[in-house]
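Quick notes on the structure that follows.
Since every read-out is calculated from the coordinates, none of them should be taken as a lab result. All values derive from a computational prediction rather than experimental measurement. Every residue, glycine as well, gets a Cβ built from its backbone with ideal geometry; the counts of neighbours run over all protein chains shown.
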């Protein structure tokens, strides 16, 4: 069996409807279907509420959860990650050949803002060239203003663009990409998803809650893969690129589940339809 099972946070975030609300009785029912008791779900709700992602209205199973503005922004970023991956697979976003450089120097007394920039750049797939200096083939500025706040970005972040990077291991663009983002690490990140796709039965005898549970298990493995994938332009990866094949298989399974289950925000977050994206 795959090591990736649905985490309490994944369950909670999956149960929001398109209006950004989730009935707690439904959250707990879905959690039970993936083998989670109420307690870890309650803990996940408290943590998400403390992080400003959602608020709880009412108590117990009669209550509901409501996404905050911050929660909606974070969800929108996740949607763009998935859209970018499938747009790249479809050949819709060719690389413009530019390396984007991001650098910052934040006083120690503002350590939280420095940490926010580091965390945001790492989450968006940039890698450090030196302390306080990161590089990516993508323009990440819009996402950074969401992840680290527009004020922090406007105060501390310096950006530049370059057509060539030189240094140890930096020769042609593909060698540079292999040096900074080793392909084997990304390929390995998709292995649990490939295993989950091979193991997850999606027969017609499964009821809607069980299908949502299956979707959650797949979503957990897919989320892990995307978190480890810098989504480099295809021009910088080997051909064929194994993660593209796994994403294709995930799309087929996801489409089958989506056609038989409620329209949860889970499916918006993992919208696998190839579409053009603004990131270059």
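Taking the Cα atoms of the chain, the ratio Rg/Rh between the radius of gyration and the Kirkwood radius comes to 0.98.
Helix-only estimate, please: 222 nm mean residue ellipticity of the chain, summing -39500 (n - 2.57) across DSSP H runs of length 4 or more and dividing by its residues, to the nearest 500.
Helices in the chain give a 222 nm mean residue ellipticity of -15500 deg cm²/dmol.
The range 127-191 and the range 22-85 have Cα centres lying 31 Å from one another. Legend: ranking of residues 186, 239 from fewest to most surrounding C-beta atoms inside 10 Å; resulting order 239, 186. Each principal axis of the Cα atoms in the range 99-162 has its own extent, and those three values, largest first, are 31, 23, 18 angstrom. Once the chain from residue 245 to residue 127 is taken as fully extended at 0.36 nm per residue, the excess over their C-alpha distance is 40.0 nm.
If we sort 139-148, 154-163, 220-229 on the protection proxy, mean other Cβ atoms within 10 Å, highest first, what's the order?
Packing order, densest peptide first, comes out as 220-229, 139-148, 154-163.
With a Förster radius of 25 Å applied to the beta-carbon distance between residue 141 and residue 55, the computed FRET efficiency rounds to 0.25. For the pair residue 179 and residue 79 in one chain, pulling the backbone fully straight at 0.36 nm per residue adds 33.2 nm over the alpha carbon distance.
Taking the C-alpha atoms only, the angle from helix 208-228 to the longest principal axis of the chain is near 20 degrees. Our estimate of slack between residue 164 and residue 149, defined as 0.36 nm per intervening residue step minus the Cα-Cα distance, is 2.5 nm. For the chain, the relative contact order comes to 30 percent (Cα pairs under 8 Å, sequence separation of at least 6). Projecting label points 7 angstrom from Cα along Cα→Cβ for residue 72 and residue 19 puts them 1.3 nm apart. Modelled spin-label separation between residue 38 and residue 96, with each label point placed 7 Å from Cα along the Cα-to-Cβ direction: 5.3 nm.
Cα axis of helix 69-89 to longest principal axis of the chain: angle in degrees, 0 to 90, nearest 10? Compared with the principal axis, the helix lies near 70 degrees.
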